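Engineer: I have a structure I would like to understand better, so I am pasting it below and will then ask my questions one at a time.
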Amino acid sequence: MKIGFIGIGNMGAPMSANLARAGHEVTGFDLSPFNAEGVSSAASASEATANKQVVITMLPNGDALTKVYKEIVPAAAPGTCLIDCSAVDVESARNAHAAAEAAGLLCLDAPVSGGVVGAEQGTLTFMAGGSNASFKVAESLFDIMGQKSVHCGGAGSGQAAKICNNMILGISMIGVCEAFSLADKLGLDRQKMFDVVSTSSGYCWSMNAYCPAPGIGPQSPADNDYKAGFAAALMLKDLKLSQQAAESADAATPLGAHATALYERFVAQGGGEKDFSAMLPHLMALTRELQDG
Ligand code: NAD
């Protein structure tokens with residue numbers, strides 16, 4: 001296929017390179033110079049879009065998506081499938097769909113889970129929202145860039161799935177960090193705690209696969225001085241999206257709100273670039289008196 005790829009950053013570079021490696025003709029555009037193997041460079045987003053069957057975007061936020069769609073929707077040939085893999089708010093995703101559909105284009109919101117390592121190894125999970133026809137076009141590309149794709153429903157439902165997943169992740173990471181902090185202060189050995197919890201009802205991805213305690217469980221950013229991984233600032237972005245969505249849908253998410261406040265404080269204190277599992281040393285440094293402050 002002839003594919004345009006707009007937003008070639010940490011995620012977009014390996015994703016576009018994987019498509020090129022699989023034999024697709026990929027033309028990229030980014031505001032900054034980029035290096036993605038096998039991907040040729042266009043002078044503008046509209047140039048990267050013209051005469052393509054598929055155009056993928058991988059941008060930082062909803063504002064960037066809205067800006068880029070204003071440029072690429074008029075430039076796309078009729079029937080082109082626009083696939084947005086960025087993590088953005090549901091409203092921006094639905095507006096992007098509406099603009100694309102009004103112009104006779106296919107469209108999917110298809111955010112990913114799996115991070116930069118998943119993008120490099122082609123093992124991302126895609127959660128897609130949009131029509132069956134759009135999903136059918138995109139599926140073979142998801143198979144190259146990822147190991148699983150789920151068609152979640154209509155416009156915006158991929159973003160809804162991503163937001164809900166990451167709200168669970170933020171809350172569960174804080175839960176695991178609180179438990180390690182409490183265990184330490186009760187004199188319980190961290191390894192023993194892991195041995196019990198990872199095979200008991202407290203097991204979860206944050207404990208079993210991405211343990212925030214250094215030297216415990218499989219290799220994780222905690223073993224590399226909390227070098228991200230998945231930066232706390234990005235976790236905060238996703239938690240804020242969950243609260244924005246909960247507000248507009250009138251959904252009660254008290255733990256989501258509290259997790260957002262905790263990551264907000266962590267980022268305000270300079271932790272934004274650290275991995276989000278560095279919530280453990282952050283909590284360890286707090287006393288009970290300071291926990292809500
Ligand atoms: P990034 O900042 O490395 O890449 C975004 C790229 O978009 C940048 O290179 C930037 O120059 C470019 N860009 C911004 N505005 C543009 C415009 N108007 N036209 C063209 N290019 C533009 O971010 P990333 O880590 O690659 O993440 C991209 C998206 O994927 C985000 O929405 C993020 O939340 C999501 N995500 C990231 C991860 C991760 O671990 N990094 C994991 C899952 C999802």
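Engineer: Please pick out the residue among GLU37, GLU71 that is touching a helix residue (DSSP H, G or I) at 6+ places or on another chain (Cβ under 7 Å), in a loop (DSSP other than H, G, I, E, B) and at pLDDT 95 or above. Break it down into steps so the answer makes sense when it comes.
Structural biologist: Numbers: GLU71 fails: in a loop (DSSP other than H, G, I, E, B).
Exactly one residue qualifies, and that residue is GLU37.
Engineer: Since ILE72 meets every condition but one in (1) surrounded by fewer than 16 Cβ atoms within 10 Å (Cβ to Cβ); (2) near the ligand (Cβ under 10 Å from one of its atoms), which condition does it not meet?
Structural biologist: That leaves (1) as the condition not met.
Engineer: Scan the range 234-250 residue by residue and report those that are open to solvent by 50 Å² or more (accessible area, probe 1.4 Å) and either touching a residue at least 24 places away in the same chain (Cβ under 8 Å) or not in a helix (DSSP H, G or I) (or both).
Structural biologist: If the condition is that a residue be open to solvent by 50 Å² or more (accessible area, probe 1.4 Å) and either touching a residue at least 24 places away in the same chain (Cβ under 8 Å) or not in a helix (DSSP H, G or I) (or both), then LEU234, LYS237, GLN244, SER248, ASP250 are the ones that fit.
Every residue, every condition in (1) touching a helix residue (DSSP H, G or I) at 6+ places or on another chain (Cβ under 7 Å); (2) closer than 10 Å to ALA160 by Cα, yes or no:
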{"position": "ASN95", "(1), (2)": "yes, no"}
{"position": "GLY104", "(1), (2)": "no, no"}
{"position": "CYS107", "(1), (2)": "yes, no"}
{"position": "PRO111", "(1), (2)": "yes, yes"}
{"position": "GLY114", "(1), (2)": "no, no"}
{"position": "VAL117", "(1), (2)": "no, no"}
{"position": "GLU120", "(1), (2)": "yes, no"}
{"position": "LEU124", "(1), (2)": "yes, no"}
{"position": "ALA128", "(1), (2)": "yes, yes"}
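Engineer: Same structure, new question: Among the residues of the range 11-21, is there at least one that is surrounded by fewer than 17 Cβ atoms within 10 Å (Cβ to Cβ) and part of a strand (DSSP E or B)? So that I can check it myself, show each step before the final result.
Structural biologist: We begin by selecting, within the range 11-21, every residue surrounded by fewer than 17 Cβ atoms within 10 Å (Cβ to Cβ); these are 21.
The next check asks that each one be part of a strand (DSSP E or B); those that pass are none.
Scanning the range 11-21, I find no residue that is surrounded by fewer than 17 Cβ atoms within 10 Å (Cβ to Cβ) and part of a strand (DSSP E or B), so the answer is no.
Engineer: Just a yes or no: is a residue in the range 169-179 under 12 Å from the mean Cα position of the chain (by Cα) and buried (at least 18 other Cβ atoms within 10 Å of the Cβ)? Steps first, answer last, please.
Structural biologist: Just the residues of the range 169-179 that are under 12 Å from the mean Cα position of the chain (by Cα), to begin with: 169.
Adding the requirement that they be buried (at least 18 other Cβ atoms within 10 Å of the Cβ) leaves 169.
Checking the range 169-179: at least one residue is under 12 Å from the mean Cα position of the chain (by Cα) and buried (at least 18 other Cβ atoms within 10 Å of the Cβ).
Engineer: Considering only the range 2-56, how many residues are at positive phi and away from the ligand (no atom under 11 Å from the Cβ)? Steps first, answer last, please.
Structural biologist: First, pick out the residues of the range 2-56 that are at positive phi: 7, 23, 38, 51.
This time we only want the ones that are away from the ligand (no atom under 11 Å from the Cβ), so: 23, 38, 51.
Total meeting the criteria: 3.
Engineer: Pairs under 7 Å by beta carbon, first residue part of a loop (DSSP other than H, G, I, E, B) in the range 201-222, partner polar (S, T, N, Q) and surrounded by fewer than 16 Cβ atoms within 10 Å (Cβ to Cβ), six or more apart or different chains?
Structural biologist: ILE216/GLN191
Engineer: Only one of (1) closer than 18 Å to GLU71 by Cβ; (2) open to solvent by less than 80 Å² (accessible area, probe 1.4 Å); (3) outside any loop (DSSP other than H, G, I, E, B) fails for SER32. Which number is that?
Structural biologist: Evaluating SER32 over (1) closer than 18 Å to GLU71 by Cβ; (2) open to solvent by less than 80 Å² (accessible area, probe 1.4 Å); (3) outside any loop (DSSP other than H, G, I, E, B) leaves (3) as the failure.
Engineer: When VAL90 is evaluated against the numbered criteria (1) without any contact (Cβ under 8 Å) to a residue 24 or more places away in the chain; (2) more than 13 Å from the ligand (Cβ to nearest atom), which criterion, by number, is the only one it fails?
Structural biologist: Unmet for VAL90, out of (1) without any contact (Cβ under 8 Å) to a residue 24 or more places away in the chain; (2) more than 13 Å from the ligand (Cβ to nearest atom): (1).
Engineer: Could we say that THR287 is of a type in the set (Val, Ile, Thr) and over 16 Å from LEU169 (Cα atoms) here?
Structural biologist: Numbers: of a type in the set (Val, Ile, Thr): yes; over 16 Å from LEU169 (Cα atoms): yes.
It is true that THR287 is of a type in the set (Val, Ile, Thr) and over 16 Å from LEU169 (Cα atoms).
Engineer: For ALA183, which of the numbered conditions (1) hydrophobic (A, V, I, L, M, F, W, C); (2) modelled with pLDDT under 95; (3) more than 16 Å from the ligand (Cβ to nearest atom) fails to hold?
Structural biologist: Only one criterion in (1) hydrophobic (A, V, I, L, M, F, W, C); (2) modelled with pLDDT under 95; (3) more than 16 Å from the ligand (Cβ to nearest atom) is unmet by ALA183, namely (2).
Engineer: Only one of VAL88, VAL176, VAL116, VAL150 is in a helix (DSSP H, G or I), among the β-branched types (Val, Ile, Thr) and within 29 Å of HIS24 (Cβ to Cβ); which? Outline the logic, then answer.
Structural biologist: Working: VAL88 fails: in a helix (DSSP H, G or I); VAL176 fails: within 29 Å of HIS24 (Cβ to Cβ); VAL150 fails: in a helix (DSSP H, G or I).
Residue meeting the stated conditions: VAL116.
Engineer: Do we find that ASP63 is of a type in the set (Asp, Glu) and more than 21 Å from ALA231 (Cα to Cα) in this structure? Talk me through it step by step, then tell me what you get.
Structural biologist: Values: of a type in the set (Asp, Glu): yes; more than 21 Å from ALA231 (Cα to Cα): no.
Taking the combined requirement at face value, the residue does not satisfy it.
Engineer: Would you check if there is a residue in the range 80-98 being crowded, with 24+ Cβ neighbours inside 10 Å, within 18 Å of the chain's Cα centre (by Cα) and of a type in the set (Val, Ile, Thr)?
Structural biologist: Yes, there is a match, as at least one residue in the range 80-98 is crowded, with 24+ Cβ neighbours inside 10 Å, within 18 Å of the chain's Cα centre (by Cα) and of a type in the set (Val, Ile, Thr).
The values are calculated or read from the model by the stated rules, or taken from the named source; none is laboratory data. In this text the structure is predicted, and so the values were computed from the model without any measurement. As a convention, Cβ positions derive from the backbone with ideal geometry for all residues, glycine included, and neighbour counts pool all protein chains shown. Ligands, DNA and RNA are stripped out before the accessible areas are found, and what is left, the full protein with its side chains, is counted by its heavy atoms. Shrake-Rupley method; radii C 1.70, N 1.55, O 1.52, S 1.80 Å.
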